[in-house]
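Have a look at the structure below, then the notes.
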Protein chains: 2
Amino acid sequence: MKKPETRIQKKNRAAILSAGLDVFSQFGFRGATLDQIAEAAGLSKPNLLYYFPSKEEIHQQLLTSLLSTWLDPLRKMNDSGDPIEEILGYAKRKLALSRDFPRESRLFANEILQGAPRLGDSMPALNALVDKKATVINGWAKAGRIAAIDPYHLLFLIWAQTQHYADFDVQVRAVLGRDDPFPEAATFMEHMLRRTLAP
Amino acid sequence: MKKPETRIQKKNRAAILSAGLDVFSQFGFRGATLDQIAEAAGLSKPNLLYYFPSKEEIHQQLLTSLLSTWLDPLRKMNDSGDPIEEILGYAKRKLALSRDFPRESRLFANEILQGAPRLGDSMPALNALVDKKATVINGWAKAGRIAAIDPYHLLFLIWAQTQHYADFDVQVRAVLGRDDPFPEAATFMEHMLRRTLAP
DNA sequence: TTATGTTTTGACCATCCGGTCAAAGCTACG
DNA sequence: CGTAGCTTTGACCGGATGGTCAAAACATAA
C-alpha cells in the first residue's frame, strides 16, 4: 500500500537530504539546525518538516544510506583473487569514495567521534563483514602469500588513510597549498601497501 | 601587573578546561552547551562564566594549548639523525599522544572537520614547520637514504594512522572487541613504516 | 470549471541557549 | 574578631531552536 512519490516529492526529499548532508557533515548532529538545512535546501522550515517528521529522521536516513555505500568496497574484495591486487583494489575503491563522497565521509567521522550513538543497530553488521574479511586476509598471511600482519590493523590503516583525505581536507589542502591531492595519494598508497604486504 | 592565581582559581579553571575538553571533543563547538560543561565541571553556569568570559574563550584556550602539544613530536625529529629511526621515532611519539590525549585528538579532529574556523591564525605556523620537515625528509629521499617518496603524503600517513586510533576509538574497539589496541598498533606501524621507507 | 488532494507558509509555542546581574556566601588576613 | 575581597548563585533576558497548526496556494484530473 505504498503511495508512489510525485515528482515534487522526489525533488524536495533529495534536496533536503543533500542539504542535510552538507550541514550535518560540517557541524555534527547537535551543531546542525533545521533552519540551516531548510535554507540550504531552498525551503521553509515548516515545509521541510512536511517531508521529514524530525531532524533526527533526516540524519538517520542519511546514515543508513551511507553505510551500505561505505562497506561496498570491502564487500567487493574477492576472496579467491590475487591477495595483493585484491587489497590494493579495495584501498583504491575506498580512496575513490573519499574523493567522490567527502560529505558522506565527514558525516561518518562525526558520528564516530560522538561515540556512534545513532549507529548502534548497524554496528553488528559492520562487525560481521569485517571479521569475515579479516579472516580471509589472515588466511593469505598464514599461507605466506602476503607478509605476516594483523589483518585488523591493516584495515584500520586503509580506513585511516582514505578517510584522512576527505575528513582533513582543509588541512591537507592548507599544507599542500594546492587542489586535488588524490592522484598522488593513490600513488603513495600503492607504494606503501605493496611494500607493507610483500611476503 | 598580573595577579597571582588563588588555589581555588587554579582548581576551577582546570576543572572547566577539562570538562570543556570532554564536551567539545565529543560534540564540537556548536554542539556543546555551557550547561553541559558546567555540569561536567561540577559548577553552576554563572560560576563557570565567572572564570571564563565566554564559551568561545574556553574553546580557544583549549585549542591553543593543544597545538603546541600536538606539533611537539614533529619538532623533536632530529634533522641530522638516522632517517628511518627519526621518522619512526616521530610516528611513535605521535601515537603516544593519541593514546595519552585522545580528547585532544578529537578536539582537533572536530575543528578540522568544521573547516578549522578557529584555527586560522595558527595555520601559518603549522605550515612553516611542516614545510621545513618535509624539506628534510625530501633531502633524505633524494640522498637515497630512504625510499623515493612524497614527504607530505608520508606525514599525512602518520597523522591519519595515529589520529585514527584516538578519533575512531569507538569503531576500533567495536571491531577488535577488546581494549587497548595501542601495543599492536605500534608494532604494525613500525612494520609498515620500515618497509615503506627502506631505500 | 470544479472538486480533490498536495504543497507551502505565517504565526505561534515551549524549551534551550549563551550570557548578565545583584545579592548572598565564603575566605584570608590584619 | 571584623572586614575587604574573592566566589557562588538564583533569577532573569533576548534570541535561537525543534516542532505544530490551520489556513492559504497550488496542481491535477474529471
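The values are calculated or read from the model by the stated rules, or taken from the named source; none is laboratory data. What you see is a predicted model, and the numbers here were worked out from it, not measured in a lab. Reconstructed Cβ throughout: ideal geometry from the backbone, glycine too, with neighbour counts over all protein chains shown.
General remarks:
- Number of the condition not met by B:Arg93 [criteria: (1) surrounded by 17 or more Cβ atoms within 10 Å (Cβ to Cβ); (2) of a type in the set (Lys, Arg); (3) farther than 24 Å from A:Ala166 by Cβ]: (1)
- Test: residue in region B:133-156 that is outside any loop (DSSP other than H, G, I, E, B), without any contact (Cβ under 8 Å) to a residue 24 or more places away in the chain and under 23 Å from B:Phe101 (Cα atoms): yes
- Test: A:Leu62 is touching a Ser or Thr at 6+ places or on another chain (Cβ under 7 Å) and under 18 Å from A:Ala109 (Cβ atoms): no
- Total residues in region B:164-199, condition crowded, with 20+ Cβ neighbours inside 10 Å, at the interface with chain A (Cβ under 7 Å from one of its Cβ atoms) and part of a helix (DSSP H, G or I): 9
- Selected residue (criterion: farthest from DNA strand C (Cβ to nearest atom)) from residues of region A:73-90 that are charged (D, E, K, R) and touching a helix residue (DSSP H, G or I) at 6+ places or on another chain (Cβ under 8 Å): A:Asp79
- Qualifying residue in region B:85-108 (condition: in contact with a Lys or Arg (Cβ under 6 Å, 6 or more places away or on another chain) and modelled with pLDDT of 95 or more): no
- Enumeration of residues in region B:112-128 that are within 10 Å of another protein chain (Cβ to nearest Cβ) and either among the polar types (S, T, N, Q) or closer than 20 Å to B:Pro73 by Cα (or both): B:Ile112, B:Gln114, B:Leu119, B:Met123, B:Pro124, B:Leu126, B:Asn127
- Selection status of B:Leu21, within 17 Å of the chain's Cα centre (by Cα) and not acidic (Asp, Glu): yes
- Filter pass, B:Ala109 being on the phi > 0 side of the Ramachandran plot and facing another protein chain (nearest Cβ under 9 Å): no
- The set of residues in region A:3-22 being more than 13 Å from DNA strand C (Cβ to nearest atom) and not hydrophobic (A, V, I, L, M, F, W, C) consists of A:Ser18, A:Gly20, A:Asp22.
- A:Gln36 vs. criteria without any contact (Cβ under 8 Å) to a residue 24 or more places away in the chain and surrounded by 15 or more Cβ atoms within 10 Å (Cβ to Cβ): yes
- Of all the listed residues (A:Ser68, A:Ser25), the sole one being away from DNA strand C (no atom under 11 Å from the Cβ), in the same structural domain as A:Pro102 (by TED's automatic domain parsing) and either buried (at least 21 other Cβ atoms within 10 Å of the Cβ) or of a type in the set (Gly, Ala, Ser) (or both) is A:Ser68.
- Condition met for A:Ser44 (surrounded by fewer than 17 Cβ atoms within 10 Å (Cβ to Cβ), more than 10 Å from DNA strand D (Cβ to nearest atom) and either away from chain B (no Cβ under 14 Å) or more than 17 Å from A:Thr162 (Cα to Cα) (or both)): no
- Filter pass, B:Ala141 being within 19 Å of A:Pro151 (Cβ to Cβ) and more than 9 Å from chain A (Cβ to nearest Cβ): no
- Condition check for A:Ala160: among the hydrophobic types (A, V, I, L, M, F, W, C), closer than 26 Å to B:Leu71 by Cβ and in the same structural domain as A:Pro83 (by TED's automatic domain parsing): yes
- Within region A:28-48, being near DNA strand C (Cβ under 9 Å from one of its atoms) and either out of contact with any helix residue (DSSP H, G or I) (no Cβ under 7 Å at 6 or more places or on another chain) or under 23 Å from B:Asn110 (Cβ atoms) (or both) holds for A:Arg30, A:Pro46, A:Asn47.
- Only one of the numbered conditions (1) more than 20 Å from the chain's Cα centre (by Cα); (2) more than 14 Å from chain A (Cβ to nearest Cβ); (3) in contact (Cβ under 8 Å) with a residue 12 or more places away in the chain; (4) within 9 Å of DNA strand C (Cβ to nearest atom) is not met by B:Tyr51, and that is (4).
- Residues located in region A:96-111, provided they are free of Cβ contacts under 8 Å to residues at least 40 places away in the same chain and surrounded by 21 or more Cβ atoms within 10 Å (Cβ to Cβ): none
- Residue list for region A:66-94, restricted to those being within 14 Å of the chain's Cα centre (by Cα) and over 25 Å from A:Phe29 (Cα atoms): A:Pro73, A:Leu74, A:Arg75, A:Tyr90, A:Ala91, A:Lys92, A:Arg93
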